[in-house]
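Participant: Here it is: the structure, laid out below.
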Amino acid sequence: MSDVYVVGTDMIKFGRFPDRTVPKMGGEAASLALADAGLSIKDVQAMYCGNLMQSGNTIGQKILAEIGQTGIPVVNCANACATGATAFREGWTAIKAGLYDTVLCVGVEQMGRGLLGSGDVAEGIPTEGILGSNTMPTMFSELGMEHHRKYGTTFEQFAKVSVKNHLHSVQNPKSMYQIETPLDVVMNAEMISYPNTKLMCSVNVDGAAAAIIMSEKKVKELGLMGRAVRVKASALTSDPYTEHNLTLPDFNTCTKMCVEQAYEMAGVGPGDVNLVELHDCFATAEIMHYENLGLCDEGMGGQLIDSGATQHGGRVPVNVSGGLLSKGHPLGATGIAGIYEITTHLRGEAGSRQVEGARIGMTHVVGLGNACAIHILEKVS
């Protein structure tokens, strides 16, 4: 099976764009990625589009109406917060299978304001009342408090995640917010659900990102290997049954399963990874994902943020883009935006936020109780 390479990728600046349609945002990101690869839509053999909120509206085909309808097959994907990453993985799978040599992957979303809930309550044990709330801030706050109970993780340690990611965002012109937030500002911000203040919650924004992926044969044929980035691993899991889920969502197992598969496929371990874009939907989540991804031992996430290891310039910088806390979290676009960020660093093109010497990077997105997608990328030139 052929290796798969990212040969073009880009994203629009995330923000709120009530005057722009979803297809137009997706079309802009796709055009930027094609230009980055030096290709046109006529070079693309298939398209995979990730979109959650408008997923029944054949968004992929409408994007092609913006940039060129060539008759190629289009697959529209919806998979919770892993939607964009799932579209990317489907394109990767098609190239690995030998169906295509050149595939366009787009993730796009237009979000509303306010709190996101977990949807309709399923039959069986009613979580509402047992958990207290089905809104995402409360669920992730409860998970943070459980981490505090087991390991002593403090409010200040959780808040340091937000301080770090907002500081990183200052160097990212495509982030929704580019504002430093000192520790006292984060901790004294409006409390949404303890221990997550408003500045410790991800931002509902509009956005789009795209990637052009290609088989090794085609990359060499077109002479694109110089800026190409190899996809070393692509893993996707769903939430397995655990007894933990009967009383509190099992936040960890899905990611642990996924990263184990990704490390095995890539032939690397957490010590080989030079930078990570992980799913910091809330500050509490980032601390736990340090452990889930093997960046530190279980229960040591609070100490890892204290050490500075996950800051730019640290041992394994995390969310140098600013993460979802600053860049924003347009659900369908998030997964491919992570691919863009890691690819940019591996190419050495990240400017003032460049992680120097980066050769291996990892992206991680997870929809609570639904799906986790992890990709490991490698610099090849």
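Computed from the coordinates by the stated procedures, all read-outs in this text should not be read as laboratory data. Everything numeric here is computed off the predicted structure, so don't read it as measured data. So basically every Cβ, Gly included, is an ideal-geometry build from the backbone, and we count neighbours across all protein chains shown.
Participant: If one takes the longest principal axis of the Cα atoms in the chain, at what angle in degrees, from 0 to 90 and to the nearest 10, does the Cα axis of helix 331-346 lie?
Facilitator: It is inclined by approximately 70 degrees.
Participant: Can you return the lysines within cross-link range of residue 217? Criterion is Cα-Cα under 29 Å, with same-chain partners fewer than 8 residues away left out.
Facilitator: 42, 96, 232, 379
Participant: Turning to a different aspect of this structure: In the P(r) worked out for region 168-216, what percent of Cα pairs fall beyond 18 Å?
Facilitator: Across region 168-216, Cα pairs with separations above 18 Å total 51 percent.
Participant: Please list the non-local residues whose amide H lies under 5 Å from the amide H of residue 4, H modeled 1.01 Å from N, same-chain partners needing a gap of 5 or more.
Facilitator: Result for residue 4 returns 231.
Participant: A follow-up question, please. Quick check on packing: order 135-143, 3-11, 294-302 by the mean number of other C-beta atoms within 10 Å, highest mean leading.
Facilitator: My ranking of the peptides, most packed first, is 3-11, 135-143, 294-302.
Participant: Here's something else I'd like to know. Got a sec to turn the phi values of region 99-104 into Karplus ³J(HN,Hα) couplings, 6.51 cos²θ - 1.76 cosθ + 1.60 with θ = phi - 60°, whole Hz, x for Gly and Pro?
Facilitator: 3J(HN,Hα) across region 99-104, in whole Hz: 6, 9, 9, 9, 10, 9.
Participant: With bins 5 Å wide starting at 0, give me the P(r) of region 128-246 over every alpha carbon pair, in whole percents.
Facilitator: 2, 8, 13, 13, 13, 14, 12, 10, 6, 5, 3, 0
Participant: While we're here: For the pair residue 188 and residue 217, how long in nm is the line joining their label points, each one 7 Å along Cα→Cβ?
Facilitator: Using points 7 Å along Cα→Cβ, the separation is 6.4 nm.
Participant: If you don't mind, another one. Kindly state, as a whole number, the per residue volume in cubic angstrom of the convex hull around the alpha carbon atoms of region 266-381.
Facilitator: With only Cα atoms used, region 266-381 gives 106 Å³ per residue.
Participant: Next up: Sort 90-102, 155-167 by packing, meaning the average of other beta carbons within 10 Å per residue, with the highest value first.
Facilitator: Top to bottom by mean Cβ count within 10 Å: 155-167, 90-102.
Participant: Continuing with the same structure: Relative to the present Cα-Cα distance, how much length would full extension add between residue 97 and residue 20 at 0.36 nm per residue of separation?
Facilitator: Gain on stretching residue 97 to residue 20: 24.1 nm.
Participant: Under 8 Å for C-alpha pairs, at least 6 residues apart: give me the relative contact order for the chain, rounded to a whole percent.
Facilitator: Over the chain, the number comes to 26 percent.
Participant: So, one more: In region 8-117, how does Rg compare with the Kirkwood Rh, expressed as the Rg/Rh ratio over alpha carbon atoms?
Facilitator: That ratio is 0.96, to two decimals.
Participant: Check cross-link reach from residue 150 to the aspartates and glutamates: straight Cα distance under 17 Å, and skip same-chain residues fewer than eight apart.
Facilitator: 142, 250, 286, 291, 297, 298
Participant: Would you grab the residues whose amide H sits under 5 Å from the one on residue 197? Only those 5+ places off in sequence or on another chain, please, with H modelled 1.01 Å from N.
Facilitator: Under 5 Å from the amide H of residue 197: 192.
Participant: Sticking with the crude label model, points 7 Å out along Cα→Cβ, report the distance from residue 180 to residue 359 in nm, one decimal please.
Facilitator: 3.4 nm
Participant: Sticking with this structure for a sec: Take the Cα coordinates of region 285-326, assign each an equal point scatterer, and use the Debye formula without solvent to give log10 I(q)/I(0) at q = 0.17 Å⁻¹.
Facilitator: -0.40
Participant: Another question about this same structure. If I take every Cα pair under 8 Å that is 6 or more residues apart in region 242-318, average their sequence separation and divide by the length, what percent do I get for the relative contact order?
Facilitator: 27 percent
Participant: Follow-up question, since we're still on this one. Near residue 174, which lysines are there with a Cα under 20 Å away, not counting those fewer than 8 places off in the same chain?
Facilitator: 13, 24, 164, 327
Participant: I would also like to ask the following. Of the beta bridges DSSP finds with both residues in the chain, what % are antiparallel, to the nearest 5?
Facilitator: 75 percent
Participant: Give the separation of the Cα centroids, region 90-111 to region 175-224, in Å.
Facilitator: About 21 Å separates the Cα centre of region 90-111 from the one of region 175-224.
Participant: Please report the net charge: other residues with Cβ closer than 13 Å to the Cβ of residue 368, K and R +1, D and E -1.
Facilitator: My count for the surroundings of residue 368 gives -3.
Participant: Looking only at region 333-361, which residues have a backbone nitrogen under 14 Å from a spot 7 Å from the Cα of residue 170 in the C-beta direction?
Facilitator: So the set is 352-353.
Participant: Let me ask something additional. For the chain, find the longest principal axis of its Cα atoms and tell me its angle to the long axis of helix 136-151, 0 to 90°, nearest 10.
Facilitator: Between helix and principal axis, roughly 60 degrees.
Participant: When the scattering of region 216-312 is computed by the Debye formula from its Cα atoms alone, each counted once and equally, what is log10 I(q)/I(0) at q = 0.12, 0.20, 0.21, 0.22 Å⁻¹?
Facilitator: -0.51, -1.08, -1.14, -1.21
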